[in-house]
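Structure record follows, encoded as structure tokens.
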Amino acid sequence: AGGARSSPPPAGRADAAEQDEDDDGVRGYLFVKNLNFATKDEVLASAFSGCPGFRSAVVMKKKAAHGAQAAQNLSMGYGFVEFDTPAQATEAMKRRQSVVVDDHVLKLQISHRNRPQVGQAVDTGAKAKVAMKSQ
């Protein structure tokens, strides 16, 4: 169920890398709030790409319910930035706190959630309800 722990997965695939991180490769994450709703993953990544240990950045999105934007995912106004270590995430938070991205002053906090993923904020509640019903 856990999979082999031979070589580290490719750096660009944060979702596949998660199984191999928990022993000696503990990652650090920043929670980024006050994002402009127009900010894309690439723009958020460029704001942190110069920081030591930067791995990836993701703007959290939800599907539009209806209307002209129904085919698009809408920004939820927050995201996560991944670093190689918690210490690097803390250092990036100190250096980049209040950085302006797309005309918004970002507010950074250390994230205590393990391995945030696209859609996790939406799916977590449903998983919790399913787990409770099956017990």
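Read the figures in this text as sums done on the coordinates, not as results from a lab. Here the structure is a predicted model, which is why all the values come from computation and not from measurement. Note that each Cβ is placed from the backbone with ideal geometry, even for glycine, and that neighbours are counted across all protein chains shown.
Couple of notes before you dig in:
- Between Thr90 and Asn34, the modelled labels are 2.3 nm apart [label points 7 Å from Cα along Cα→Cβ].
- Calculated FRET efficiency for the pair Ala64/His112, C-beta based, R₀ 25 Å, to 0.05: 0.25
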